[in-house]
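Below is the structure I would like to discuss, written out as structure tokens.
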Amino acid sequence: MKSISIIITVLAFSLTGNSVLAQGLSSTQIDSLVQRTFELSPAVGMAIAVVKDGKVIHSKGYGVSSSETGKKADENTLFAIASNSKAFTTAALSILVDEGKISWQDKVVDYIPEFRMYDDYVTANFNIEDLLTHRSGLGLGAGDLMFFPDGGDFTIEDVLTSFQYQTPTSAFRTKYDYDNLLYIVAGEVIKRVSGMSWADFVQTKIFSPLGMSRTVPVYSRLGSDENVAFPHRSYNNEIVQLETYNGGDLLGAAGGIYSCANDLSKWLLLQLNGGRYGNDLSKEIFSMQRQHEMWYPHTVMGFNSSPNPRTNTHLSAYGLGWDILDKKGSFIYQHTGGLPGMLSRTILVPELNLGIVVLTNSDPGGYGFYSIPEAILDSYLKIEKRDWVKALAERAEARNSESDSVTTAVWETVKKNKKQKIDPANFIGKYRDPWFGDVEVSLKNDKLWFTSKRSPKLNGQMFFYKATTFAVKWEYTDMPCDAFATFNFNEEAKAISIRMKGISPNIDFSFDFHDLKLEKVVD
């Protein structure tokens, strides 16, 4: 679900700016930032909330929720917040810790006996904290292909048993690699301990008490609400409205929530108040101790003893559902979220009693979901002013160009080799991966075709590329994810297995084709 935060982190260390200082942006200045974002890059809609010193000082929508209807976006428009949902999952678990029903060090198999990792030792020692800290030993986005694209029929049972078939890329608890599926397992822990689904739990224990009356935990609960943002993809200055991603209720704990600027301002205030809420802060969702644990740097992502002098950033780490970094002497707790056509970012600066959230319904939209909160944050931290909007709009364009150059070269090679003679009989058949299930290579109108049996949107024509490799052009186009499929053969020149990888260098990490081990099934 979007690797964009990694890219932006690198960019933040490399850009330079002038020496003009600012302190706090007014609502008018925020309006101007949004307007400039819309002018520099194709974008559709946005909503922004800023809280400071216990008050909401800005909450507003911009643009439209749908390019097709032209309906205006406002502070109550619901956007998919994607991976910003993870902090709600860790808050839900914190509630159970406060109630004495679990501890962070409890073993997952004590609550979910069928849970299996890639190694018996890891299975036996994997605890609840490990579910949340991206240090499992598995690679980036391992297993996400079960949910990207949407529309698959994978179940919680499939998720719980999938990890044993994955190949670790690092030793257990030694390296950060972002994952989504283990947060799904965390949601299942909540269900088995509380007797309530993850969705019901966060609705009952978090949304309702806080008065987040418009927020829903999963897409299926939107009902007939008409004030909902539709996703869009912007490319080559053209905007296309997409079908709304629906990962099903199962994905909720990792990235299912729909919320709005007004509701999320209440969430920001809860976090800044250490789990307390209400007019006199006499009510509590979770304790201050749990807040400390969620904001503790459990997994180090990076350290720089000679930081960029502009930001003075030394550390980046991951807590429980939160990215952590220091900036000009203040700790920043943040997270990004991304689904097809939807990007979001949440920022907390407890030392300044400051919270920011930006929701967008266009990808990349000039990375406005990142540039605008960064400009607001810099103004409060008294950091040299930088034209974040221009810098990240240019970065979005550069990434598009990079992807275009690579993918164009691939398809040019396909075109050049289109007369290459191949015998389809050497390739067709059923292939099986132990966690992803069956795919079929067949002839469709005399063309070689790839079909996934459990993820029906992953189907498309296979074009000869070179040697034993084909380029698969998926019928699904909401996110660029065309892939290479390389066949391995037996001594009779018959294909016996397939290995895959994405074509674009900027393919979203959730399309983890490289994790598939497709072996031919002999009936």
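Compute the Rg/Rh shape ratio of the chain: radius of gyration over Kirkwood radius, all on alpha-carbon atoms.
0.97
Rank these for me by crowding, ASP153, ASP508, going from fewest to most other beta carbons within 10 Å.
Going from sparsest to densest Cβ surroundings: ASP153, ASP508.
Within 13 Å, Cβ to Cβ, of TYR476, how many net charges do the neighbouring residues add up to if Lys/Arg are +1 and Asp/Glu are -1?
-3
Here's a follow-up. So how much slack lies between TYR296 and ASN445, counting 0.36 nm per residue of separation and subtracting their Cα-Cα distance, in nm?
Extra length from TYR296 to ASN445 when fully extended: 47.9 nm.
Given Cα pairs under 8 Å that are at least 6 residues apart, what percent is the relative contact order of the chain?
Rounded, it is 19 percent for the chain.
Run the quick spin-label model on LEU222 and ALA493: label points 7 Å from Cα toward the beta carbon, then report their separation in nm to one decimal.
5.2
Based on Cβ point charges of +1 for Lys and Arg and -1 for Asp and Glu, what charge dipole magnitude is obtained for the chain about its Cα centre, in debye rounded to the nearest 20?
On the way: 53 positive and 61 negative charges, 177 e Å.
Using Cβ point charges on Lys, Arg, Asp and Glu, the chain gives about 840 debye.
Going by how many other beta carbons lie within 10 Å of each one, how would you line up HIS314, HIS134, fewest first?
Lowest to highest Cβ neighbour count: HIS314, HIS134.
If you don't mind, another one. Could you check the simple spin-label distance between GLU384 and ARG173, using points 7 Å along Cα→Cβ, in nm with one decimal?
Between GLU384 and ARG173, the simple spin-label model gives 4.2 nm.
Need the full-extension length gain, ASN237 to LYS55, defined as separation in residues times 0.36 nm minus the C-alpha distance. One decimal, nm.
Working: separation 182, 0.36 × 182 = 65.52 nm, distance 3.78 nm.
Result for the pair: 61.7 nm of gain on full extension.
Moving to a separate point now. Please list the non-local residues whose amide H lies under 5 Å from the amide H of LEU458, H modeled 1.01 Å from N, same-chain partners needing a gap of 5 or more.
Result for LEU458 returns SER452.
Residues with amide H under 5 Å of THR299's amide H, sequence separation 5 or more or different chain, H placed in the peptide plane at 1.01 Å from N; which?
HN-HN under 5 Å from THR299: TYR318.
Take the Cβ-Cβ distance between SER306 and GLU475 as r, set R0 to 60 Å, and report the resulting FRET efficiency rounded to the nearest 0.05.
0.75
Starting from the Cα of LYS416, draw a straight line to each of the lysines and keep only those under 21 Å, dropping any in the same chain fewer than 8 residues away.
Filter leaves LYS447, LYS466, LYS473.
Against the empirical 2.2 N^0.38 Å scaling, what ratio does the C-alpha Rg of the range 417-520 come to?
Rg over 2.2 N^0.38 Å, computed on Cα atoms: 1.00.
Evaluate the distance, in nm, between pseudo-label points positioned 7 Å from the Cα of SER27 and of GLU99 along their respective Cα→Cβ axes.
Once both label points are built, they end up 3.9 nm from each other.
Excluding same-chain residues fewer than 8 positions from LYS382, which lysines have a Cα within less than 16 Å of its Cα?
LYS52, LYS327, LYS328
Could I ask something else about it? How do 422-429, 338-345 rank on mean C-beta neighbours within 10 Å, highest first?
Final packing ranking: 338-345, 422-429.
Another question about this same structure. Compute the FRET efficiency between THR161 and LYS72 as 1/(1 + (r/R0)^6), taking r as their Cβ-Cβ distance and R0 = 51 Å, and round to the nearest 0.05.
0.65
Here is a further query. Would you order ARG499, ARG214, ARG290 from fewest to most other beta-carbon atoms within 10 Å of each residue's own beta-carbon?
Exposure proxy ranking, most exposed first: ARG499, ARG214, ARG290.
Of LYS71/LYS385; LYS419/LYS501; LYS418/LYS520; LYS72/LYS453, which ones are farther than 31 Å apart at the Cα?
Result: LYS71/LYS385; LYS72/LYS453 exceed 31 Å.
Using per-residue counts of other Cβ atoms within 10 Å, averaged over each peptide, order 44-50, 157-163, 171-177 from highest down.
Per-residue Cβ counts within 10 Å, averaged per peptide and sorted highest first, yield 44-50, 157-163, 171-177.
Would you calculate a helix-derived [θ] at 222 nm for the chain, using -39,500 (n - 2.57) for each DSSP H run of n ≥ 4 and dividing by the full residue count, to the nearest 500?
About -8000 deg cm²/dmol.
When you count, for each residue, the other Cβ atoms within 10 Å and take the mean per peptide, how do 267-273, 88-94, 397-403 rank with the highest first?
Details: 267-273: 22.1, 88-94: 25.6, 397-403: 14.1.
Ranking the peptides 267-273, 88-94, 397-403 by packing returns 88-94, 267-273, 397-403.
Also, I was wondering about something else. Which value, in debye to the nearest 20, describes the size of the charge dipole of the range 403-515 about its Cα centre when Lys and Arg Cβ atoms bear +1, Asp and Glu Cβ atoms bear -1, and nothing else is charged? Before the final figure, lay out each step's value.
Details: 17 positive and 15 negative charges, 84 e Å.
So the magnitude is around 400 debye.
The numbers here are math on the coordinates, done by the rules we state, and not lab data. In this text, all values refer to a predicted model and were calculated from it rather than measured experimentally. When we count neighbours, we look across all protein chains shown, and the Cβ atoms used for this are built from the backbone with ideal geometry, even at glycine.
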